[in-house]
Ligand code: C5P
């Protein structure tokens with residue numbers, strides 16, 4: 001996948017800079033041509049001699065060569081690249097990239113680069129969690145840059161938390177997947193439903209559920225990162241879609257989600273129905289706030305909502321893929337098999353509230369995927385971002 005690809009590797013001043021040597025080796029082994037651009041601080045952590053020997057190219061750090069005064073053109077470099085990878089990326093460089101502070105060769109090259117950009121942050125846990133860093137990363141995401149999330153673990157400070165640069169093999173695998181034509185979602189349109197629905201009782205009250213939308217938003221970001229155009233029909237959640245290829249359509253009720261999904265579905269290649277849709281809504285919605293004093297004891301009559309998944313299953317074309325979710329509390333596989341058939345899904349993602357770290361509101365999930373052929377694949381507990389990648393890999397194989 002990486003054979004003949006031109007990769008700019010940006011290295012910044014972090015302890016993790018030594019891992020850049022492994023990244024270069026792996027990229028070169030896979031046939032890529034690597035041009036290293038290092039910040040002045042980066043050179044304090046790893047020597048250009050090591051990097052040039054591994055990449056078989058002189059390392060660029062300054063705008064001009066000290067030896068002969070020749071100019072290093074960040075513009076030419078930016079145009080040469082098939083991808084730019086910044087690994088490790090410090091909080092400082094991330095801040096400069098997000099705000100156009102082009103005071104070194106790395107950031108000027110970034111601003112000149114038209115190719116996809118991958119950023120692997122590396123910093124202490126509190127620096128990573130700081131709102132400044134998070135806002136800068138969100139800004140970079142909104143430009144379509146790919147953030148390779150740091151892992152949790154022991155940091156250079158000996159503190160333990162999120163901020164460790166992702167391991168070199170995983171970083172290289174991310175690039176490989178990106179360039180793998182069989183794994184791409186380029187030119188594909190995907191509908192994703194996410195979050196809860198709110199079913200109005202009166203102007204101030206509703207029936208809802210605990211869905212946070214995290215799984216659906218992780219799926220939307222992962223599909224967009226693979227090149228898809230995403231239509232994210234979202235119930236009320238506090239999350240934001242970051243990637244510019246995600247069109248978010250905000251709805252409240254199951255009926256609104258149904259209308260929206262039915263409108264969008266005919267024009268997409270696949271739909272992933274991740275939303276926790278309310279099965280029932282109040283038969284009547286009061287225009288005025290219901291008063292305890294005048295109402296006394298009350299009974300709320302509920303009527304069933306339309307099943308969006310089943311409705312899409314009925315109008316599904318032969319070349320469209322429909323993916324559902326099943327969140328169960330018991331007899332999981334039996335219920336999932338039933339839903340798969342009843343809703344005419346191509347595969348169903350099953351998670352159980354019996355598993356620790358799975359389901360509503362968590363940042364992690366533990367899933368199994370059951371397909372139409374009856375194959376059940378179980379996955380270990382992972383972050384919702386990693387789970388999204390597993391689901392999309394399955395989707396991609398189906399879309400071919
Ligand atoms: O039947 P149940 O709600 O457990 O099915 C879950 C799957 O069906 C999920 O993919 C969910 O998004 C979808 N669903 C739907 N419309 C409904 C109820 C569920 O699309 N009214």
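The values are calculated or read from the model by the stated rules, or taken from the named source; none is laboratory data. These figures come from a predicted structure and were not determined experimentally. Quick reminder, even Gly has a Cβ in these numbers, built from the backbone with ideal geometry, and neighbours come from all protein chains shown.
From the list 170, 200, 188, which one is surrounded by fewer than 24 Cβ atoms within 10 Å (Cβ to Cβ), touching a residue at least 60 places away in the same chain (Cβ under 8 Å) and closer than 24 Å to residue 394 by Cβ?
Details: 170 fails: touching a residue at least 60 places away in the same chain (Cβ under 8 Å); 200 fails: closer than 24 Å to residue 394 by Cβ.
Among 170, 200, 188, only 188 is surrounded by fewer than 24 Cβ atoms within 10 Å (Cβ to Cβ), touching a residue at least 60 places away in the same chain (Cβ under 8 Å) and closer than 24 Å to residue 394 by Cβ.
Residue under question is residue 193, and the condition is that it be surrounded by 18 or more Cβ atoms within 10 Å (Cβ to Cβ), part of a helix (DSSP H, G or I) and in contact with a strand residue (DSSP E or B) (Cβ under 8 Å, 6 or more places away or on another chain); does it hold? Give the derivation first.
On the way: surrounded by 18 or more Cβ atoms within 10 Å (Cβ to Cβ): yes; part of a helix (DSSP H, G or I): no; in contact with a strand residue (DSSP E or B) (Cβ under 8 Å, 6 or more places away or on another chain): yes.
No.
If you go through the stretch 163-187 one residue at a time, how many are within 17 Å of the chain's Cα centre (by Cα) and over 27 Å from residue 5 (Cα atoms)?
Residues flagged as within 17 Å of the chain's Cα centre (by Cα) and over 27 Å from residue 5 (Cα atoms) within the stretch 163-187 amount to 0.
Identify, please: which residue in the stretch 297-325 is in contact with a helix residue (DSSP H, G or I) (Cβ under 7 Å, 6 or more places away or on another chain) and in a strand (DSSP E or B) and is, among those, nearest to the ligand (Cβ to nearest atom)?
324
Could you grab me the full set of residues in the stretch 248-258 that are within 23 Å of the chain's Cα centre (by Cα) and either away from the ligand (no atom under 13 Å from the Cβ) or in a helix (DSSP H, G or I) (or both)?
If the condition is that a residue be within 23 Å of the chain's Cα centre (by Cα) and either away from the ligand (no atom under 13 Å from the Cβ) or in a helix (DSSP H, G or I) (or both), then 248, 249, 250, 257 are the ones that fit.
Mind checking which residues of the stretch 340-356 are buried (at least 20 other Cβ atoms within 10 Å of the Cβ), out of contact with any helix residue (DSSP H, G or I) (no Cβ under 7 Å at 6 or more places or on another chain) and at pLDDT below 95?
351
Sort out which residues of the stretch 363-380 are in contact with a helix residue (DSSP H, G or I) (Cβ under 9 Å, 6 or more places away or on another chain) and in a loop (DSSP other than H, G, I, E, B), and write them in order of number. Show your work before the answer.
Going residue by residue through the stretch 363-380, those that are in contact with a helix residue (DSSP H, G or I) (Cβ under 9 Å, 6 or more places away or on another chain) are 363-372, 374, 376-377, 379.
Result: 363, 366, 367, 372, 374, 379.
Only one residue in 261, 224 is more than 13 Å from the ligand (Cβ to nearest atom), part of a helix (DSSP H, G or I) and surrounded by 21 or more Cβ atoms within 10 Å (Cβ to Cβ). Which one?
On the way: 261 fails: more than 13 Å from the ligand (Cβ to nearest atom).
After ruling out the rest, the residue left standing is 224.
Can you tell which of 328, 332 is more than 9 Å from the ligand (Cβ to nearest atom), closer than 22 Å to residue 216 by Cα and surrounded by 12 or more Cβ atoms within 10 Å (Cβ to Cβ)? Walk me through it before giving the result.
Numbers: 328 fails: more than 9 Å from the ligand (Cβ to nearest atom).
None of the other options fit; the residue is 332.
Can you name every residue in the stretch 335-362 that is farther than 20 Å from residue 210 by Cα and either more than 9 Å from the ligand (Cβ to nearest atom) or in a helix (DSSP H, G or I) (or both)? It would help to see each step written out before you state the result.
First, the residues of the stretch 335-362 that are farther than 20 Å from residue 210 by Cα: 335-348.
Of everything in the stretch 335-362, those that are farther than 20 Å from residue 210 by Cα and either more than 9 Å from the ligand (Cβ to nearest atom) or in a helix (DSSP H, G or I) (or both) turn out to be 335, 336, 337, 338, 339, 340, 341, 342, 344, 346, 347.
How about the stretch 51-169: which helices (runs of 4 or more DSSP H) wholly inside it have at least 3 residues that are within 19 Å of residue 37 (Cα to Cα)?
Numbers: elements: 74-80, 91-99, 105-112, 125-129, 131-142.
Of the helices (runs of 4 or more DSSP H) lying wholly inside the stretch 51-169, those with at least 3 residues that are within 19 Å of residue 37 (Cα to Cα) span 74-80, 91-99, 105-112.
May I ask you to verify whether residue 392 is away from the ligand (no atom under 14 Å from the Cβ), under 22 Å from residue 218 (Cα atoms) and touching a residue at least 60 places away in the same chain (Cβ under 8 Å)? Full working, then the answer.
Values: away from the ligand (no atom under 14 Å from the Cβ): yes; under 22 Å from residue 218 (Cα atoms): yes; touching a residue at least 60 places away in the same chain (Cβ under 8 Å): yes.
Taking the combined requirement at face value, the residue satisfies it.
Say we look at the stretch 264-293 and pick out the residues that are more than 15 Å from the ligand (Cβ to nearest atom) and outside any loop (DSSP other than H, G, I, E, B); which of these is surrounded by the most Cβ atoms within 10 Å (Cβ to Cβ)?
Residues of the stretch 264-293 more than 15 Å from the ligand (Cβ to nearest atom): 266-267, 269, 282-293.
Among the residues that remain, those that are also outside any loop (DSSP other than H, G, I, E, B) are: 266-267, 282, 292-293.
Working: 266: 12, 267: 9, 282: 17, 292: 8, 293: 5.
Here the answer is 282.
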